[in-house]
Amino acid sequence: MKSRWQLKDSDNLTDERQRIALVIQYLGTHFHGWQRQGKGERTVQEELEAAIASVTNQRVPVVAAGRTDTGVHAAAQVAHFDVSGPIPPERWATILNNRLPEDILIRGSAQVVPTWHARFSALWRRYRYTLYTHANPNLFVRNLTWHYYYQPLDANRIQAALDPLLGRHHLSAFHRAGSSRTHSWVDIQTAQCTTQEPFLAIEVQANGFLYGMMRLLVGLLVKVGIAEITPTEFTHLWQEERRDLVKYAAPAQGLCLLRVGYPDPPFPPEVWFDTQPQFKLG
């Protein structure tokens, strides 16, 4: 069954302008974030636009649901671009995968109505931060986790700190400087900490995320997990907007944009839901 955002076959005039939606995975290790920099830095947006230009012979802007930072990964980023020509919408995934580097993968492509927007049509974004807590390093998870083995982390304490975050709050304590956003209000829908030894994962779902929010949040939650501060002190800190006391951001490699939610997703669940496997050893 087609989403209401997708055009019917009778509406698909392939020689006219189409809006194409993409579900994108990328390993952020060697990227300077999503957004085009114009400074010679490698970005996901630039790689995608170059791949599309190799087909269309012109630069076509690609708009994402969210701008991930340097080193941050995505399991199901969503983006769109507008293009004319005879290529069937569902073929764009294969065509682009044949032109993209190995650290970017298109999981699906579909035509959507012209009013659909990857960023503004989204209801929420969900991020997962993964920590690897075993004393011994592991090459196979090094680029996707924060190897934190200095002290044991108490998942129950971390969850107790996360619970009061549910709802609409002003989270300027977790808002890095340099953002164009004029306020720090965030509607947090889900905040949970789970463990699968030797991994600990923190997932947060919200209508949107502040610049640097997840990494600052995790950096402070680790202090809760090692009992350096209490869950109550953690809550008072952000309620009192003490940005000056949030001094450490967790490393980028543990963070992944897990998925993006829409009122009526243009893709089936198997394309975009839970496409980063949970880590497990043994």
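In the stretch 241-271, how many are free of Cβ contacts under 8 Å to residues at least 60 places away in the same chain and farther than 30 Å from S121 by Cα?
So the answer is 3.
Could you run through the stretch 64-87 and say how many residues are open to solvent by 50 Å² or more (accessible area, probe 1.4 Å) and of a type outside the set (D, E, K, R)? Outline the logic, then answer.
Looking only at the stretch 64-87, we keep the residues that are open to solvent by 50 Å² or more (accessible area, probe 1.4 Å), and these are 67, 70, 84, 86.
Those left that are additionally of a type outside the set (D, E, K, R): 70, 84, 86.
Result for the stretch 64-87: 3.
For R119, work out the one condition from (1) open to solvent by less than 30 Å² (accessible area, probe 1.4 Å); (2) closer than 24 Å to R215 by Cβ it doesn't fulfil.
(1)
Can you tell me which residue is surrounded by the fewest Cβ atoms within 10 Å (Cβ to Cβ) among those in the stretch 1-35 that are modelled with pLDDT under 95 and among the aliphatic types (A, V, I, L, M)?
Only one residue tops the list, namely M1.
Return yes when Y262 is among the hydroxyl-bearing types (S, T, Y) and touching a helix residue (DSSP H, G or I) at 6+ places or on another chain (Cβ under 8 Å) and no when it is not. Reasoning before the result, please.
Details: among the hydroxyl-bearing types (S, T, Y): yes; touching a helix residue (DSSP H, G or I) at 6+ places or on another chain (Cβ under 8 Å): no.
In short, no.
How do the helices (runs of 4 or more DSSP H) wholly within the stretch 209-282 filter down when requiring 2 or more residues that are open to solvent by 10 Å² or more (accessible area, probe 1.4 Å) and either in the same structural domain as H183 (by the TED database) or on the phi > 0 side of the Ramachandran plot (or both): which remain? Please lay out each step first, then the result.
Values: elements: 213-225, 231-239, 269-272.
Here the list reads 213-225, 231-239.
Run A173 past the list (1) over 30 Å from G108 (Cα atoms); (2) small (G, A, S); (3) within 17 Å of the chain's Cα centre (by Cα); (4) not in a loop (DSSP other than H, G, I, E, B) and report the number of the one that doesn't hold.
Every condition holds for A173 apart from (3).
For the stretch 122-167, give me each residue that is in contact with a Ser or Thr (Cβ under 7 Å, 6 or more places away or on another chain), open to solvent by less than 30 Å² (accessible area, probe 1.4 Å) and either part of a loop (DSSP other than H, G, I, E, B) or among the polar types (S, T, N, Q) (or both).
Scanning the stretch 122-167 gives T130, T145, Y148.
Restricting to the stretch 173-189, name every residue that is closer than 15 Å to V218 by Cα and among the polar types (S, T, N, Q).
Across the stretch 173-189, there are no qualifying residues.
The values are calculated or read from the model by the stated rules, or taken from the named source; none is laboratory data. Everything numeric here is computed off the predicted structure, so don't read it as measured data. So basically every Cβ, Gly included, is an ideal-geometry build from the backbone, and we count neighbours across all protein chains shown. Surface areas here come from the heavy atoms of the whole protein model, side chains and all, with no ligands, DNA or RNA. Shrake-Rupley method; radii C 1.70, N 1.55, O 1.52, S 1.80 Å.
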